[in-house]
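This report refers to the structure that appears directly beneath it.
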Amino acid sequence: MRILLSTIMVAFASFVGAKTTFTSQDMEQLLQRMTLDEKIGQMLQLNIDGLGKGKGDDFILDEEKLHEAIAVYKVGSILNTPGPVAMSTKRWQELVSRIQEVSMKEIGIPCLYGLDMNHGASYTLGATFFPQNINMGATFNPALTQEAGRITAYETRASDCPWTFSPTVDLSRDPRWPRVWENYGEDALVNAVMGSAAVRGFQGDDREHIDAFHIAACGKHYLGYGSPRTGKDRTPAYMPENELREKCFAPYKAMVEAGMLSIMVNSGSVNGQPIHASHKYLTEWLKEGLNWDGMIVTDWSDINNLYKREHVARDKKDAIRIAINAGIDMSMDPYDLQFCTLLKELVLEGKVSQSRIDDAVRRILLLKYRLGLFDQPNTGKGKAYADFGSEKSAKVALQAAEESIILLKNESNLLPLAPLASGEGSGLRLLVTGPNANQMRCLNGGWSYTWQGNLTDRYAQQYNTIFEALSNRFGSSNVVLEQSVTYVPEGGYQEEEASRIDEAVRAAQNVDVIIACVGENSYTETVGNLSDLTLSENQRRLVKALAQTGKPIILVLNEGRPRLVNDLEPLCQAVIDILLPGNYGADALARLLAGDANFSGRLPYTYPRNSADLATYDYRVSEHCERMAGAYDYDATVNVQWPFGYGLSYTTFAYSNMRVDKPRFSKDDILTVSIDVTNTGNREGKESVLLYSTDLVASLTPENRRLRAFEKVSLQPQETRTVTFRLPAKDLAFVGADGQWVLEEGDFRLTIGSEQQTITCE
C-alpha cells in the first residue's frame, strides 16, 4: 500500500530543513515519490478569481473549487489579487493561509503564490509605492533600486506572498509601446544593472535560502518584447539575432548571474517564432547556455495563444506539447484545469517525455524549497512586520521620486520658484492646470491597486496630488487650481473632457506663473495601445491658449512614454518630465520646484521630436548621414527632442583629466578609466557620470555609441571627485554577422561628458 504523499513530503521537508545545502540527489528522492498527476499539477498556475467570488477584501473562497484544484488536479501555483483589487495584509494572510492549509493537507506540497508587485507591494493596501521602473532607470542609481526592491519584498512577504512577477527588463526600444514605463529605459546596460539590483533587493544575499523578509524575483518578458514592429502590445518583433543576443539577452544574463530564480516569457514572437515555442531561446540560450536551474513561467494564457493567435499549433493540446518541449516549466492558464488532462495524455502518448516533466517539476519544487515554503508555508503570518508602510520606507520612495524627475528646460533660470528656506514660499501666485494636476491615478500608472490603476484615487487619498503638494509648499492662498481639461473619473486612459479652457485663461491673468500638468492617464498592456504619439488635442489646445496670456509656463509631463510636444516646448519657459513617480511624486516635484531639492534625473530613453523620427541613442552610424554632393541630394538625419541621458540641474558640472591606463590593450585586459568631475555651481548636486564607447571601424556598421558604465556622485559646490571605472575589454566586443562574439583590432573612442580618449585593441 502506497504511503500518503503528504506524509512523505512533510518528513522530507524536515530532513531538508536540517541540512545546510539542498542537493540534486535530494530532489531526485522527492521526485521519485510523486505520481505523474502530482507532477503535472505542479506545472499549472491558476488565477484566484476562478476559485471564489468578490473583489479585494470582500473576496470569498469557494471551498469546493479550491478542493478540486488542489486535491484533484494537484495545482502548484495561484496568482493575482481578487478583482483584481488590492487587499489588506490581514486579508492576504487569511486567504493565502487557507490555500496553504489545503495544499499541505491534500498533497503535502506548499502552493507558490505570485503577484505583480511592480513598484512596491502594489496589490496591498497601505504599502509603500515607489516610482515605476522607468523612473528608477532615470535615477541612474542602482542602490536606490536595490533598496526599493528590499522594501517591496518585505511588504510583499508581510502579505504572505513569496513571489513577484518583477523586474521587467524588456528594453523600451519603441516609444509607441504601452509598456515603456514598466522597464528601465531603452539601454541594455541600464536594464541589466537596475534589474540585477532589483533582484538582489527582492531576494537578499542567499538565493538558496530566502528568508521570511525576501521574495523570489521573476524577470520578464523574455525575450525581445519591447521592440514590436507595430508599436502595439503583444505584436511581433523583427530584429537581427546579433541585436537580440547582444542587447535583449544581456539583462537576463546579468540577472541570472545575480541569482534570479524565475523568468516569465514574452507573449509575442520574434522573427516569426513565438518565444513560448522556442527551444532555442528557452532551453539552449537560457537554461543550458547560462547553466541556470531556475523556473520558466508563461505569461497570461500564452500557451493558448500558440493556436489562437500565432497559429503554430493545431489546438490546445498541440500548443501544450510545443511549449513544454520548448522549455516552459509552469503554465499560467488562469481558468482552465484542462492543461493537466491534456499534458498527461501527451506524456502517455510519448509526445512529451517523462524527463522533461521531471526537469520542470524539479525547478518548481526547488524554487519552493529555496523560499522555505515546505517548512513555513505561511511566511507572512504571525511574524512582526513593524516597518510595513513605515515613514522610513516613505523617505526612500520620496528620494527615488526626486532623483528620477528630469529637468529638460529652464529658460532664463525661471526655476527654482522659491528660496531654499522652508515656509510659505516666495509669494508667487501659481495657476495649476491640466488633467494631471489633481489626481493620484496618473502619478502611479498601471499595476497600482488594480491592473489598470483606474481606481487609485479611491485608495491613495492620504497622498498628495500635484495641486495639493504645491499648495502645501507655496501656500494654499498662492495656488489656484483650474484644470480645464480633465480625465473621465475611473474611465479609459484616453477619455478626456475639455470644457473650461476659457476659465483657465481667465485665471491665468491673476497669477505669476502657470504650471501646466499634461501627459497620460494610467494604463498597461494592450489597453494602452495608441495610434498617435502626439499629446492629445485637448491638452495641446489648453497649453497654446495659456501661452497667449504671456505668462511664463512650466510644462510638467506626467506620462508613461514620451508623447510628442514639439509644438508646445517653444511656448514654455521650463519643461519637467516626472514620468510616473508614484504616491510621493507630487511632493518630490514641489520640493524640486521650490529648490528644496536639486534635479538629478536623466532621460532613460530618447525623446522623439516627430512621429516619423523614432530612434534610439545607439543607432548605427549610417542612420545619420551628411548631404551628398551632386544631383542626388541625399540625407538622413537623426532628429530628436531630447537625447538619452539628458537632464539639467540647478548647478553645473565640469569634466576634466580623463585618462585610460591602457591606451593599447588585448581582449583579456581590464581598462581603468578615470575622470575628474567638479561641481562648478553654487549648490550641492548629484551627477550621473556616463561612460560611452564608439567602435570607429568594424566589420559590421558600428553603433553611434554604447553606454558601458555609469556612476552617480553627489558633490558640494566647487568639490572635485575622481570617478573611476573598471571596464573589461571584452565588453567592447560585439556579435558579428556569423552570430559569434568578436573583439576586433582597431581604435575605440571612449567618451565621458565632453572628454574623449582613443584607445587601440591589438
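The values are calculated or read from the model by the stated rules, or taken from the named source; none is laboratory data. Keep in mind that this is a model prediction, so the values were computed, not measured. Neighbour counts are summed over all protein chains in view; Cβ atoms, including those assigned to glycine, are modelled from backbone coordinates with ideal geometry. Note: areas computed on protein heavy atoms with side chains; ligands, DNA, RNA excluded. Shrake-Rupley method; radii C 1.70, N 1.55, O 1.52, S 1.80 Å.
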Filter the range 595-614 down to residues that are crowded, with 24+ Cβ neighbours inside 10 Å and of a type in the set (S, T, N, Q), then give me how many there are. 2
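This table checks each residue for (1) modelled with pLDDT under 95; (2) assigned to a loop (DSSP other than H, G, I, E, B); (3) within 31 Å of the chain's Cα centre (by Cα); (4) among the small types (Gly, Ala, Ser).
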| residue | (1), (2), (3), (4) |
| --- | --- |
| Ala654 | no, no, no, yes |
| Arg659 | no, no, no, no |
| Lys662 | no, yes, no, no |
| Lys686 | no, no, yes, no |
| Tyr692 | no, no, yes, no |
| Lys712 | no, no, yes, no |
| Lys730 | no, no, yes, no |
| Glu744 | no, yes, no, no |
| Leu750 | no, no, yes, no |
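What residue, among those in the range 40-87 that are open to solvent by 50 Å² or more (accessible area, probe 1.4 Å) and touching a strand residue (DSSP E or B) at 6+ places or on another chain (Cβ under 8 Å), is nearest to Trp451 (Cα to Cα)?
Let us first name the residues in the range 40-87 that are open to solvent by 50 Å² or more (accessible area, probe 1.4 Å), namely 53, 55, 57-58, 60, 62-65, 67-68, 72-73.
Right, trim to touching a strand residue (DSSP E or B) at 6+ places or on another chain (Cβ under 8 Å) and you get 53, 55, 57, 60, 62, 65, 73.
Values: Lys53: 18, Lys55: 13, Asp57: 16, Ile60: 20, Asp62: 23, Lys65: 24, Tyr73: 28 Å.
Within the range 40-87, the match that is nearest to Trp451 (Cα to Cα) is Lys55.
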Within the range 326-349, take every residue that is open to solvent by less than 60 Å² (accessible area, probe 1.4 Å) and in a loop (DSSP other than H, G, I, E, B) and give me the one that is farthest from Leu44 (Cα to Cα). Gly327
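Would you point out the residue of the range 246-295, among those that are among the basic types (Lys, Arg) and open to solvent by 20 Å² or more (accessible area, probe 1.4 Å), that is farthest from the chain's Cα centre (by Cα)? Working first, answer last.
Kept after step one, since they are among the basic types (Lys, Arg), are these residues of the range 246-295: 247, 253, 280, 287.
Narrowing the set further to residues that are open to solvent by 20 Å² or more (accessible area, probe 1.4 Å) leaves 253, 280.
Numbers: Lys253: 16, Lys280: 25 Å.
The qualifying residue farthest from the chain's Cα centre (by Cα) is Lys280.
What do you reckon, is Asp532 part of a loop (DSSP other than H, G, I, E, B), open to solvent by 20 Å² or more (accessible area, probe 1.4 Å) and either of a type outside the set (S, T, N, Q) or within 22 Å of Thr450 (Cβ to Cβ) (or both)? Outline the logic, then answer.
Details: part of a loop (DSSP other than H, G, I, E, B): yes; open to solvent by 20 Å² or more (accessible area, probe 1.4 Å): yes; either of a type outside the set (S, T, N, Q) or within 22 Å of Thr450 (Cβ to Cβ) (or both): yes.
When the stated conditions are applied, Asp532 passes them.
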Failed criterion for Val527 (all others in (1) in contact with a Gly (Cβ under 8 Å, 6 or more places away or on another chain); (2) part of a helix (DSSP H, G or I); (3) closer than 26 Å to Ile406 by Cα; (4) aliphatic (A, V, I, L, M) hold): (3)
Residue that is surrounded by the most Cβ atoms within 10 Å (Cβ to Cβ) [pool: residues in the range 296-323 that are closer than 25 Å to Glu284 by Cβ and of a type in the set (Asp, Glu)]: Asp302
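Here is a list: Lys395, Lys381, Lys368. Which entry is open to solvent by 10 Å² or more (accessible area, probe 1.4 Å) and out of contact with any helix residue (DSSP H, G or I) (no Cβ under 8 Å at 6 or more places or on another chain)?
Of the residues listed, the single one that is open to solvent by 10 Å² or more (accessible area, probe 1.4 Å) and out of contact with any helix residue (DSSP H, G or I) (no Cβ under 8 Å at 6 or more places or on another chain) is Lys395.
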Based on what the data block shows, is Leu592 within 16 Å of Asn135 (Cβ to Cβ) and surrounded by 23 or more Cβ atoms within 10 Å (Cβ to Cβ)? yes
Give the range 725-756 a look and list any residue that's open to solvent by 70 Å² or more (accessible area, probe 1.4 Å) and of a type in the set (S, T, N, Q), or say none. Gln740, Ser754, Gln756
With (1) closer than 17 Å to Asp731 by Cβ; (2) of a type in the set (Val, Ile, Thr); (3) at pLDDT below 95 as the list, and Val621 as the residue in question, which single condition is left unmet? (1)
Pick from the range 410-428, criterion closer than 23 Å to Asn141 by Cβ, at pLDDT 95 or above and not polar (S, T, N, Q), ranking: surrounded by the fewest Cβ atoms within 10 Å (Cβ to Cβ): Pro416
Looking at the range 328-344, can you tell me whether even one residue there is in contact with a strand residue (DSSP E or B) (Cβ under 8 Å, 6 or more places away or on another chain), of a type outside the set (Asp, Glu) and more than 20 Å from Ile70 (Cβ to Cβ)? yes
Take the residues in the range 175-213 that are aromatic (Phe, Trp, Tyr) and under 12 Å from the mean Cα position of the chain (by Cα), then tell me which one is surrounded by the fewest Cβ atoms within 10 Å (Cβ to Cβ). Trp181
So which residues in the range 442-484 are open to solvent by 10 Å² or more (accessible area, probe 1.4 Å), in a helix (DSSP H, G or I) and touching a strand residue (DSSP E or B) at 6+ places or on another chain (Cβ under 8 Å)? Phe467, Ser471, Asn478
